[in-house]
Amino acid sequence: MSQQLLLRYDRFDADRFDAEAESRAQAGLTLLQLWIEGSAAHWALFTVNDADKARAWIDQETALGHGPSASHMLSTA
């Protein structure tokens, strides 16, 4: 069973998102898709290689004040 992480960003900074690519990779996340909803919200879908590291990355980003507004850990059946 594979895992994906779906993140919603109500405020999206493309430069910051690009700059954080290395830290996401170190957390076992690989970007699959990036969508724009309306004029502001962005959704990002990642493959998760290490769920614990991914959760820790989300917690750290949230604590720093620039994490996603919502996160959903998903598994394929």
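On a full-extension model of 0.36 nm per residue, what is the gain between Asp50 and Gln26, subtracting their alpha-carbon distance, rounded to one decimal in nm?
Full-extension gain reported as 7.7 nm.
Which shape class, rounded, prolate or oblate, goes with the stretch 2-77 when its Cα gyration tensor gives a ≥ b ≥ c as root eigenvalues, a/c under 1.5 marks rounded, and past that a/b bigger than b/c marks prolate?
oblate
Under 10 Å, Cα contacts only: if you run a Gaussian network model on the chain, which one of Thr47, Thr30, Thr62 comes out with the highest mean-square fluctuation?
So, out of Thr47, Thr30, Thr62, the one fluctuating most is Thr62.
Okay, helix-only estimate at 222 nm for the chain: each DSSP H run of n ≥ 4 adds -39500 (n - 2.57), divide by all residues, round to 500 deg cm²/dmol; what do you get?
Result for the chain: -9000 deg cm²/dmol, rounded to the nearest 500.
Pairs of alpha-carbon atoms within less than 8 angstrom and 6+ residues apart define the contacts here; what relative contact order does the chain have, in percent?
Relative contact order here is 48 percent.
Read-outs: derived from the displayed coordinates by stated rules, not from any lab. Treat the numbers as computed from the prediction; the structure is a model and nothing was measured.
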